[in-house]
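The block underneath contains the structure these notes are about, expressed in structure tokens.
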Amino acid sequence: MDGNGRWAKKRLLPREAGHVKGVNVVKDVINLTKKYNIDSLTLFAFSTENWARPKNEVLSLLNLFDRSIDDEKDKIESNNIKIRFIGDLASLPTDLQKKIIYIEKKCKKNNGMQLNIAISYGGRSEIVRAVNKFIKNAKAKQSISEELLSKKLDTYGLPEIDLLIRTGGEKRLSNFMLWQLAYSELFFTDALWPDFNESIFINALYFFQTRKRRFGSLMDI
């Protein structure tokens, strides 16, 4: 969800205004996901690299996450959404960790759309943490495999990613789900995240529908 800061800058607003507007778009996209019967949605909210941003902006983002959970927890539960947070959650403030645990438990029995929030997340960090978990619990001389490693990833048990949508005009993964995106389709748009809307969402879905997914197999002859 790229472009909140640039959106605010264009309007001579503080960066926080862009992040607040971005949260409103998140709510819209969750509703669109349900509208178009998509089973699972993952949102990249805060990366491991984002910790290096100015302290005031980091604190503002963390406070925004905190308020958003307070404001939306009941609505998420009542809409039968199951929510899961992925990332290095231990690096977050203790109060925010407690709220994350609370809302996950609150929505644990829901069986509707799966909503995943990546916070303090980085693809490389996730793989390193997964390897360390494997080493810690591995039997003597046990060799690692793709299957065993995947069981240690934050996303274990979640469906494979079909489509990645990136806003903001950049055409790179920026350390997001490096393992999971191996055969995903990638859709890039110049629209900044606060300007993302249903029309762009539909274009992304149409793009996905036109793709021939071969997963590394031979091309059609």
Collect the residues in the stretch 81-95 that are closer than 10 Å to Ser120 by Cβ and surrounded by 18 or more Cβ atoms within 10 Å (Cβ to Cβ), keeping them in residue-number order. Phe85, Ile86, Gly87, Leu92
Condition first: β-branched (Val, Ile, Thr), outside any helix (DSSP H, G or I) and either more than 23 Å from Ile127 (Cα to Cα) or touching a Phe, Trp or Tyr at 6+ places or on another chain (Cβ under 6 Å) (or both). Now tell me which residues in the stretch 9-44 satisfy that. Ile38
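Hey, can you tell me all the residues within the stretch 128-147 that are within 24 Å of Asn175 (Cβ to Cβ) and either of a type in the set (S, T, N, Q) or surrounded by 16 or more Cβ atoms within 10 Å (Cβ to Cβ) (or both)?
If the condition is that a residue be within 24 Å of Asn175 (Cβ to Cβ) and either of a type in the set (S, T, N, Q) or surrounded by 16 or more Cβ atoms within 10 Å (Cβ to Cβ) (or both), then Arg129, Ala130, Asn132, Phe134, Ser145 are the ones that fit.
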Check the stretch 9-31 and report whether any residue there is farther than 25 Å from Glu170 by Cβ, without any contact (Cβ under 8 Å) to a residue 12 or more places away in the chain and surrounded by fewer than 16 Cβ atoms within 10 Å (Cβ to Cβ). yes
Do you know which residues across the stretch 167-201 are free of Cβ contacts under 8 Å to residues at least 60 places away in the same chain, farther than 30 Å from Ala130 by Cα and either in contact with a helix residue (DSSP H, G or I) (Cβ under 8 Å, 6 or more places away or on another chain) or loosely packed, with under 14 Cβ neighbours inside 10 Å (or both)? Thr189, Asp190, Ser199
Per-region count, the stretch 45-92, residues in a loop (DSSP other than H, G, I, E, B) and without any contact (Cβ under 8 Å) to a residue 24 or more places away in the chain: 2
Residues satisfying the stated conditions in the stretch 93-108, i.e. farther than 21 Å from Val29 by Cα and without any contact (Cβ under 8 Å) to a residue 24 or more places away in the chain: Thr94, Gln97, Lys98, Ile101, Lys105
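Among Ile103, Ile76, Ile81, Ile69, which is under 16 Å from Ala45 (Cα atoms), under 19 Å from the mean Cα position of the chain (by Cα) and among the aliphatic types (A, V, I, L, M)?
Ile69
Only the coordinates and a few stated rules stand behind these numbers; no lab work does. Owing to the predicted nature of the structure, the values given are computational and were not obtained by experimental measurement. All Cβ positions, glycine included, derive from the backbone under ideal geometry; neighbour counts span all protein chains shown.
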